[in-house]
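Encoded as structure tokens, the structure appears first; notes follow it.
The values are calculated or read from the model by the stated rules, or taken from the named source; none is laboratory data. Here the structure is a predicted model, which is why all the values come from computation and not from measurement. Heads up, the Cβs are rebuilt from the backbone with ideal geometry, glycines too, and the neighbour counts pull from every protein chain shown.
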Amino acid sequence: MPTKPVTLRLPEELLEAIDEMVVSTDTNRTEVVVKALQQVFSGEATQPTPTTTPATTATPATTPDTTLIQRLEDLEVKISSVMDRLDSDVLSRLTKRVSVLEEGLTSSEPPTPVETPSTTKTA
């Protein structure tokens, strides 16, 4: 999908939270912000609901469930990042192999294999 540069002004606290997510997910600000916006606009993002107790009123509660959900969402972002890198590595290896094969087809000599599996002959 084509992207377009955008300039935003964000509260320092929000930018710090974004930067923490960048470090924890080993991505960049753009990926973190895009993922968050996609979740909001697709309806995936969960909105925190304030809860009240007799002792306090209108205090947002952090329950084990919300903490677990946040940890799962963070893990999903990390896994996605790793999968993207793996896909890139696989594509790079395939491209190298295709290049070697193409060189072999254009030359008079047979191509040199990129990886030679060990084969044992049984007598």
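Conditions (1) at pLDDT 85 or above; (2) closer than 19 Å to Ala17 by Cβ, marked per residue:
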residue	(1), (2)
Ala36	yes, yes
Thr52	no, no
Thr57	no, no
Pro60	no, yes
Thr66	no, yes
Arg71	no, yes
Val82	no, no
Leu86	no, no
Val90	no, no
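Among what's in the stretch 3-24 and is part of a loop (DSSP other than H, G, I, E, B) and loosely packed, with under 11 Cβ neighbours inside 10 Å, pick the residue that is modelled with the lowest pLDDT.
Going through the stretch 3-24, the residues part of a loop (DSSP other than H, G, I, E, B) turn out to be 3-11.
Now drop any that are not loosely packed, with under 11 Cβ neighbours inside 10 Å, which leaves 3-9, 11.
Working: Thr3: 85, Lys4: 89, Pro5: 90, Val6: 89, Thr7: 91, Leu8: 88, Arg9: 92, Pro11: 90.
So the residue we want is Thr3.
Could you check the stretch 78-97 and list, in sequence order, the residues that are more than 14 Å from the chain's Cα centre (by Cα) and among the β-branched types (Val, Ile, Thr)? Break it down into steps so the answer makes sense when it comes.
Taking the stretch 78-97 first, the residues more than 14 Å from the chain's Cα centre (by Cα) are 89-97.
Within the stretch 78-97, Val90, Thr95 qualify.
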